[in-house]
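Structure, as C-alpha cells:
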Amino acid sequence: MWKELKNIWTSDDLLNESWDMSYEAIKLDKEMFDDAVDSLWGNRTKKTQKLIFKKDKLINKYERDIRRKVVTHLSVQGGVSIAPGMVLSTVIIDIERIGDYIKNIVELAEMHPEELKADQIKTVLSNIEQGIKKLFNDVPVCLENGDKDLALDLYSRYSDVGKTCDEYIEKIITGRIDNLTVQSASVLVLYFRFLKRINAHLRNIVSSVINPFDRIGYDPKDRT
C-alpha cells in the first residue's frame, strides 16, 4: 500500500511538496534531539537553546503548510487522493509532537543548570539516547523505500524502550536509585518520560509504512 501512496504523492505537486517538508521536519527533529541531549548533560549554551526553539517553530510552520496543501489538494482532486493526504497529515502530527518533547528537554536543562548526576542510570539513558538517534536515521530511509520488512524490524526493535523508561521512572519515584537529589530525581523522571514519548512517536511514523490508515500508531497485525 505504501508504494501506491507514494506514487500518488510524487505525481502531485502539492502532495510532493508536503512529502519533502515531512522529510525536512524529521531532519530538524534529529538535529534538535542531538542538541537537546547535549544541553541536558552540560552543553547549555543560549545560542544552542535558541536554535532549537527556532527549529521547533519551523516544524510548526511545516505542519501548517502541509495541512493547507493537503486540504487544497483534496478540495480539487478528492477520490483516490484522500488516503495519501490523510496519511501525510497524520505523520506530520507525530513529527510536530516530537519537536515539542525535545523542546521540553531543553526546558529541563534550563530549570536545572547544575551538572546532572545520574551515575547509576547514565548507561541506561545513554543506550536509549543512542537508540533514538539511530531510529531518527532509519525512519527517513524506511519512508523513502516503503520497506515493510525494515518497518516491522524497527517497530519491534524499539518496542521495549517505553517499558524501560517506565521501569526506571518507578525505581526513581520509589527511592530504589541511591544518591539522587530531589532536583535530579525530578529531572530524570521527566527526561525518561520525554524519551518514551519521542520513541513512541517515531514508532507511530514507522507504523504508517506497515498499517492501513485506521491502524497507524497501533501494533501491526502481522508484527514479527
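Couple of notes before you dig in:
- Candidates I59, I172, I95, ranked by Gaussian network fluctuation over the chain, Cα under 10 Å, top entry: I172
- Between N179 and T90, the FRET efficiency estimated from the beta carbon spacing at R0 = 30 angstrom works out to 0.10.
- Fraction of the pair-distance distribution of the chain above 24 Å, Cα-Cα pairs, percent: 46 percent
- Taking region 165-206 and a reference point 7 angstrom along Cα→Cβ of K133, the backbone N atoms nearer than 16 Å belong to 195, 199.
- The chain - mean residue ellipticity at 222 nm from DSSP helices (-39,500 (n - 2.57) per run, n ≥ 4, rounded to 500): -27000 deg cm²/dmol
- In a simple Cβ point-charge model (Lys, Arg +1; Asp, Glu -1; nothing else charged), the chain has a dipole of about 360 debye relative to its Cα centre.
- Distance (nanometres) between label positions extended 7 Å along Cα→Cβ at R67 and K46: 3.3 nm
- Approximate spin-label separation E107-I121, in nm, with each point projected 7 Å along Cα-to-Cβ: 2.0 nm
- Sorted fewest first by neighbouring Cβ atoms within 10 angstrom, R197, R203 come out as R197, R203.
- Between V70, V182, V141, the GNM of the chain built on Cα springs shorter than 10 angstrom shows V182 fluctuating the most.
- Spatially proximal lysines relative to K54 (Cα-Cα < 20 Å; intrachain offsets below 8 disregarded): K27, K30, K46, K103
- In percent, rounded to a whole number, the relative contact order of region 2-215 is 28, using alpha-carbon pairs under 8 Å and six or more apart.
- By the beta-carbon count within 10 Å of each Cβ, the least crowded to most crowded order of Y191, Y101, fewest first, is Y101, Y191.
No value in this document is a laboratory result; all are computed from the given coordinates. Everything numeric here is computed off the predicted structure, so don't read it as measured data. A quick note on method: Cβ atoms are made from the backbone with ideal geometry, for glycine too, and the neighbour counts reach across all protein chains shown.
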